[in-house]
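Q: What follows is a single structure, and I will ask about it in a moment.
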Amino acid sequence: MPDRPMLTTAELIRENEQLRQQLEEAEDLLTAIRTGTIDALAVQSADGPRIFTLEGADQSYRTLIEQMNEGALLLSRDTTVLYCNACLAGLLGTPLESVMGTTFASFVPPEFESYWQMLLANGWGGKSKGEMPLRGNDGMLRPFALALNVLTFDETSVLAVIITDMSAQREISAMQAQVKEQNALLAHTSAALKTQESARIEVERVAAEASRMLEGIPQIAFTANPAGENTYLNRRWFDYTGTSASQALNNQLAARIHPADLPVAVARWQDCLQSGTQLEVECRILDRFGNYRWMLGRALPSRNEAGEIIQWIGTYTDIHEQKLAQERIDLAQRQLRENNEQLTRANIDLDNFIYTASHDLKAPINNIEGLLNALQPELAASTSGNEQALLLLTMMQDSVDRFKRTIEHLTEVTKLQKENDQPVAVVNLATLVQEVSLDLGPLLLQSGGQLEVDVQQCPTISFAEKNLRSVVYNLLSNAFKYRSPEREPHVRLLTRQTPQYHVLEVHDNGLGLDTTNNQKLFAMFQRFHDHVEGSGIGLYMVKKIMENAGGHLSVHSQVGKGASFFAYFKR
């Protein structure tokens with residue numbers, strides 16, 4: 001630095017006075033700026049702080065800055081507070097003169113220093129926003145929102161900062177959240193109340209509808225709560241019992257059930273209440289005239305959406321007449337079973353009697369036949385020429401032969417009753433008919449008749465072969481035995497099928513039968529033509545064979561024109 005020329009005393013005094021005046025002007029200017037008398041900007045330049053007064057600024061603008069609720073300040077590059085409004089001083093709890101000229105970083109908590117530096121750097125770069133707490137003069141931290149923006153005055157840049165207190169907003173947000181939560185709770189409660197009210201109205205509507213329906217049915221109807229206590233009885237109950245609707249409902253049903261039926265009814269009702277299953281019980285209930293009538297009680301549980309039983313709905317139906325009818329049917333069935341058992345025993349006894357009688361009669365009849373055979377030569381010699389004696393011998397022999405045939409037929413009937421369970425087999429019908437034709441060969445030859453066979457529609461039949469042979473043999477033999485003397489016998493054996501049966505048909509052009517009484521036609525020992533040898537047992541046996549196997553036998557005939565027999569074999 002060059003040496004300053006020496007000044008005289010007068011020059012020093014004059015310079016000193018100038019400096020003092022400049023100092024006073026600067027202090028007055030600063031005081032005016034601080035007190036808001038004038039608008040000014042203090043800018044740090046290379047030559048030191050420079051004060052730019054804004055005496056021409058709009059008064060309303062200055063008033064707006066001073067009176068607004070947000071804090072406003074201007075910062076230099078080193079964060080010196082060049083200007084702040086009264087609101088910011090109030091937010092920080094610090095006098096305005098203590099904020100001006102200080103470093104703003106003194107209000108930033110240490111833990112937010114890095115964040116503040118980031119906001120500061122972004123702000124000098126253009127614009128920046130953020131939220132952070134600031135420490136006031138009382139040491140308390142308050143939340144603020146900061147908005148930073150660069151302003152230029154006379155080619156000098158400053159950083160303008162708007163600071164907004166977030167405490168009130170956070171309280172408002174918290175209050176809004178609380179209000180929102182309460183509103184949501186109120187809305188939920190209101191919706192629940194509306195749902196409950198709708199459910200109540202719906203339950204009442206359904207109950208009213210159910211009551212109307214239960215009143216309209218002819219049965220006694222009732223409802224009960226989940227514990228089984230009666231809550232409703234329709235008008236049919238009071239009409240039936242003659243009791244008053246004002247009486248307590250809970251014990252009315254139990255009080256009128258027959259004492260003998262009450263334990264079972266109560267036990268079954270308790271089981272249904274515990275298991276939730278359907279009730280069905282029969283019991284006698286006392287009517288208004290003092291008579292007990294049988295009732296069928298039924299009840300079903302009514303459940304809500306959760307599957308819980310909310311009530312029971314049931315009816316009592318008068319089944320008194322049906323019950324009495326069923327008792328009569330049961331009695332008749334018991335009597336029928338007893339009669340069947342008696343008939344079965346009688347049939348067994350009869351079979352045993354027939355078997356024993358036929359066995360016991362064979363010996364004496366054989367003895368008689370033997371005696372006749374021994375007497376015939378002697379009687380023939382002593383009664384030579386006596387035609388009357390010979391005729392008597394012949395008649396005695398015929399009687400013995402008929403007696404023997406009757407015994408044989410009785411034995412066959414007995415066997416038929418004992419042989420119901422013959423093994424079933426698939427029988428070739430054409431082969432069986434041919435074998436039967438060979439057995440009937442002498443009869444066919446004697447009659448000079450013709451047998452026509454057509455079994456194509458039913459070539460096989462599932463049946464006991466022995467019994468089927470007996471059916472075919474008897475039907476064919478009768479067709480040829482009872483032939484008409486006026487024409488040559490012609491017999492046709494045919495088959496056909498129905499959905500339920502295989503049908504075997506035997507048609508002849510013989511003497512025919514009077515079918516006005518079919519029961520008599522198929523009776524044992526029943527004969528319609530005595531001029532032909534026979535015992536009247538054949539058709540009876542055929543009918544029994546068919547019926548024992550689940551089929552049946554029928555006949556169509558005209559006297560003098562022929563007969564047609566139809567044997568229905570169950571498929």
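The values are calculated or read from the model by the stated rules, or taken from the named source; none is laboratory data. Because the structure is a prediction, the values reported are computed rather than measured. Every residue, glycine among them, receives a Cβ derived from its backbone with ideal geometry; neighbour counts consider all protein chains shown. Heavy atoms of the whole protein, side chains included, go into the accessibility calculation; ligands, DNA and RNA do not. Shrake-Rupley method; radii C 1.70, N 1.55, O 1.52, S 1.80 Å.
Q: First check a/c for the stretch 477-517, with a ≥ b ≥ c the square roots of the eigenvalues of its C-alpha gyration tensor; if it is under 1.5, answer rounded, and if not, answer prolate when a/b is larger than b/c or oblate otherwise.
A: oblate
Q: Moving to a separate point now. For R77, R20, write out the residues from largest to smallest accessible area, computed with a 1.4 angstrom probe and no ligands counted.
A: Ranked list, largest accessible area first: R77, R20.
Q: Accessible surface of S470 in the full protein assembly, 1.4 angstrom probe, to the nearest 10 Å²?
A: Here the residue's solvent-accessible area equals roughly 30 Å².
Q: Okay, next question. Compute the Cα gyration tensor for the stretch 448-494, then decide on rounded, prolate or oblate, letting a ≥ b ≥ c be the square roots of its eigenvalues: rounded whenever a/c is under 1.5, prolate when a/b is larger than b/c in the other cases, and oblate in all that remain.
A: Since a/c reaches 1.5 but b/c is at least a/b, the shape of the stretch 448-494 is classed as oblate.
Q: Report the full-extension gain for the segment E113 to H490: residue separation times 0.36 nm, less the Cα-Cα distance, to one decimal in nm.
A: Gain on extension, E113 to H490, equals 122.2 nm.
Q: Hey, got a sec? Which trypsin sites (Lys or Arg not before Pro) in the stretch 455-509 land in a DSSP loop and have at most 12 other Cβ atoms within 10 Å?
A: Answer in residue order: R487.
Q: Ordered by residue, what ³J(HN,Hα) values in Hz, to whole numbers, does the stretch 323-333 give under the Karplus form 6.51 cos²θ - 1.76 cosθ + 1.60, where θ = phi - 60° and Gly and Pro are x?
A: Ordered by residue, 3J(HN,Hα) equals 5, 5, 5, 5, 5, 5, 5, 4, 5, 5, 5 Hz.
Q: Here is a further query. Q182 to E465: extension gain in nm, 0.36 nm per residue of separation minus the Cα-Cα distance?
A: 92.3 nm
Q: Which GluC sites (Glu not before Pro) does the stretch 307-347 hold that lie in a coil by DSSP with at most 12 other beta carbons within 10 Å?
A: Loop-located and lightly packed - E308.
Q: So, in nm, how far is label K194 from label N250 when the simple model puts each one 7 Å beyond its Cα toward the Cβ?
A: In this crude spin-label approximation the distance works out to 4.0 nm.
Q: Quote to one decimal, in nm, the extra length available between N304 and Q270 on full extension: 0.36 nm per residue of separation minus the C-alpha distance between them.
A: The span from N304 to Q270 would gain 10.1 nm if fully extended.
Q: Work out from phi, with θ = phi - 60° and the Karplus expression 6.51 cos²θ - 1.76 cosθ + 1.60, the ³J(HN,Hα) of each residue of the stretch 468-475, listed in order in whole Hz, and give x for Gly and Pro.
A: Working through the residues one at a time gives 5, 4, 5, 4, 5, 4, 5, 5 Hz.
Q: Shape of the stretch 201-299 from its Cα gyration tensor (a ≥ b ≥ c, root eigenvalues): rounded if a/c is under 1.5, otherwise prolate when a/b > b/c, or oblate?
A: oblate
Q: Something else about it: Long-range amide H contacts for I537: which residues qualify at under 5 Å (H placed 1.01 Å from N, peptide plane, sequence gap of 5 or more or a different chain)?
A: F525
Q: Just to verify a number: what accessible area does I309 come out at with the full protein assembly present, 1.4 Å probe, Å² rounded to tens?
A: Answer for I309: close to 40 Å² accessible.
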